[in-house]
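The values are calculated or read from the model by the stated rules, or taken from the named source; none is laboratory data. Everything numeric in this text was worked out from a predicted model, so none of it was measured. Here the Cβ positions follow ideal geometry from the backbone for every residue, glycine too, while neighbour counts run over all protein chains shown. Please note that ligands, DNA and RNA were not included when accessible areas were found on the heavy atoms of the full protein model with its side chains. Shrake-Rupley method; radii C 1.70, N 1.55, O 1.52, S 1.80 Å.
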Amino acid sequence: MLLRTAWRRAAAALPIAQGLRVKAPTRGLRLRVVGHAPQSAVPLDAATAPEAESMLRPLYMDVQATTPLDPRVLDAMLPYLVNYYGNPHSRTHAYGWESEAAMERARQQVASLIGADPREIIFTSGATESNNIAIKGVARFYRSRKKHLITTQTEHKCVLDSCRSLEAEGFQVTYLPVKKSGIIDLKELEAAIQPDTSLVSVMTVNNEIGVKQPIAEIGRICSSRKVYFHTDAAQAVGKIPLDVNDMKIDLMSISGHKIYGPKGVGAIYIRRRPRVRVEALQSGGGQERGMRSGTVPTPLVVGLGAACEVAQKEMEYDHKRISKLAERLTQKIMKSLSDVVMNGDPEHHYPGCINLSFAYVEGESLLMALKDVALSSGSACTSASLEPSYVLRAIGTDEDLAHSSIRFGIGRFTTEEEVDYTVEKCIHHVKRLREMSPLWEMVQDGIDLKSIKWTQH
């Protein structure tokens, strides 16, 4: 109560002292403003309408990068941010006990989502740390007998960089290629396993093209060859059904902010029977069964647990709804535009991640034109490099098509109106940019661009 009173006084005094009017940032989305309740509790009068219009933010269609926090998750977290602030590792008083109870409940919620035992869940700062613990931890623990690992060319950067780091330590790593569909060849995986292979790491759903790998089949192969199997499931947990026992998964990485939970928290599943041993990366107080020292952030893990519980209850509904919206988006674009390619396997695919290449259009130009929609590109438009995405290169996409790709993300809170608005804007700008392109003009005249020999000046 004292804190609330002090906060009100400070908030009231600030504009008086500075002579400024406090502006509340609005998350007004251009479509949501029309058909939904206002985002701000303060009504906007006619005088402030132009000002509010200038503050409107783009529609959010980039859920592979991060997801908004589900309000139900925030509700679960709030008590542990304000009232229940004890250290969950304090064993001598009630503040510690209540935080520990909340932490263990969250562990149970995460375990339930993937069919694991709660004792097999270790809380981390996110999927990047989980991937590092899984890959480096297993490799270093078994290094005296096994010095070989297997992964794929389309893994997340933290997996590939962890493997490169191990190569510098003297380990051997096989980077399996993928087929044009983005899926690995299981026969190539079997052939790559050696007597000294300690770990196979293959992601469940790709973050760029949404392709689902045959995880259950990979798990069976690894189990039969007595090799540990790790999967980076950051883009899959809570979105598609996963069971670590049925799929014979030994280690799994989970991220909080990919499933409508808070940022800065994740988990790693590490099998107990048969036991998988990992060497800890972090030294300290021996929390999390000695595998991840450091005080567990109670509010964040409560948020992760709540997000997992909500995802488990709503997975089927969300999947059907997202599938319907994804189909709506792809069909409308494909019907209105020619020379559009969907990257990745259309069948073994998570519907909420759609990667399309628009031939004869630069991905950078299209992203800049679509400023009303928050999207990302499959090409490296957002980095200093002009090289196309390594994932699209790995599936054999032509360089010009790789440079023209856009990733559309559809999530729990995406509306039909937002999809229609995005499609409308996308079609308009692709047509406009193609009209400006000399390459498009040449193609319309029947010229085969691959037959032209370009010269440099």
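Contact map, the range 284-310: first residue under 24 Å from LEU242 (Cα atoms), second residue basic (Lys, Arg), Cβ cut-off under 6 Å, separation 6 or more or different chains; pairs are VAL310/ARG72. Looking only at the range 173-202, residues that are assigned to a loop (DSSP other than H, G, I, E, B), open to solvent by less than 10 Å² (accessible area, probe 1.4 Å) and closer than 21 Å to ASP246 by Cβ come to 1 in all. A single member of MET291, MET342, MET334 is touching a strand residue (DSSP E or B) at 6+ places or on another chain (Cβ under 7 Å) and closer than 30 Å to ARG143 by Cα, and it is MET291.
Per this entry, PRO299 is counted among residues that are open to solvent by 10 Å² or more (accessible area, probe 1.4 Å) and either over 20 Å from TYR228 (Cα atoms) or in a helix (DSSP H, G or I) (or both).
Looking only at residues in the range 71-87 that are hydroxyl-bearing (Ser, Thr, Tyr) and not in a helix (DSSP H, G or I), which one is nearest to VAL310 (Cα to Cα)?
TYR84
Scanning the range 131-160 for residues that are buried (at least 24 other Cβ atoms within 10 Å of the Cβ) and among the charged types (D, E, K, R) gives a single hit, GLU155.
Within the range 104-123, count every residue that is of a type outside the set (Gly, Ala, Ser) and open to solvent by less than 10 Å² (accessible area, probe 1.4 Å).
Just the residues of the range 104-123 that are of a type outside the set (Gly, Ala, Ser), to begin with: 104-105, 107-110, 113-114, 117-123.
Filter again for open to solvent by less than 10 Å² (accessible area, probe 1.4 Å), leaving 110, 114, 121-123.
Count: 5.
Figure legend. Inter-residue proximity from the range 88-102: first residues surrounded by fewer than 14 Cβ atoms within 10 Å (Cβ to Cβ), second residues in a helix (DSSP H, G or I) and aromatic (Phe, Trp, Tyr), beta-carbon distance below 7 Å, spacing 6+ or different chains. No pairs are indicated. A Cβ distance below 6 Å, combined with a sequence gap of six or more or placement on separate chains, defines the contacts here; from the range 256-276, residues that are assigned by the TED database to the domain that holds ASN207 reach residues that are open to solvent by less than 10 Å² (accessible area, probe 1.4 Å) and among the aromatic types (Phe, Trp, Tyr) in the pairs ALA267/PHE123. Filtering the range 425-438 to residues that are open to solvent by 20 Å² or more (accessible area, probe 1.4 Å), over 26 Å from the mean Cα position of the chain (by Cα) and not aliphatic (A, V, I, L, M) leaves HIS428, HIS429, LYS431, ARG432, GLU435, PRO438. If the condition is being outside any helix (DSSP H, G or I) and either of a type in the set (A, V, I, L, M, F, W, C) or at pLDDT below 65 (or both), then the range 418-444 contributes only MET436. Scanning the range 325-361 for residues that are hydroxyl-bearing (Ser, Thr, Tyr) and part of a loop (DSSP other than H, G, I, E, B) returns SER338, TYR350, TYR360.
No other residue among ARG145, ARG119, ARG140 is under 27 Å from TYR260 (Cβ atoms) and either in a loop (DSSP other than H, G, I, E, B) or not aliphatic (A, V, I, L, M) (or both) apart from ARG119.
For the range 395-417, filtering for residues that are closer than 19 Å to GLU362 by Cα, touching a helix residue (DSSP H, G or I) at 6+ places or on another chain (Cβ under 8 Å) and assigned to a loop (DSSP other than H, G, I, E, B) leaves 2. In this structure, LEU356 does satisfy being at pLDDT 95 or above, open to solvent by less than 10 Å² (accessible area, probe 1.4 Å) and in contact with a strand residue (DSSP E or B) (Cβ under 9 Å, 6 or more places away or on another chain).
Only a single criterion out of (1) outside the structural domain of TYR142 (by the TED database); (2) surrounded by fewer than 20 Cβ atoms within 10 Å (Cβ to Cβ); (3) not in a loop (DSSP other than H, G, I, E, B) is not satisfied by ARG289, namely (1).
How many of the residues making up the range 323-336 are more than 16 Å from VAL205 (Cα to Cα) and surrounded by fewer than 18 Cβ atoms within 10 Å (Cβ to Cβ)? Of the residues in that region, 8 qualify.
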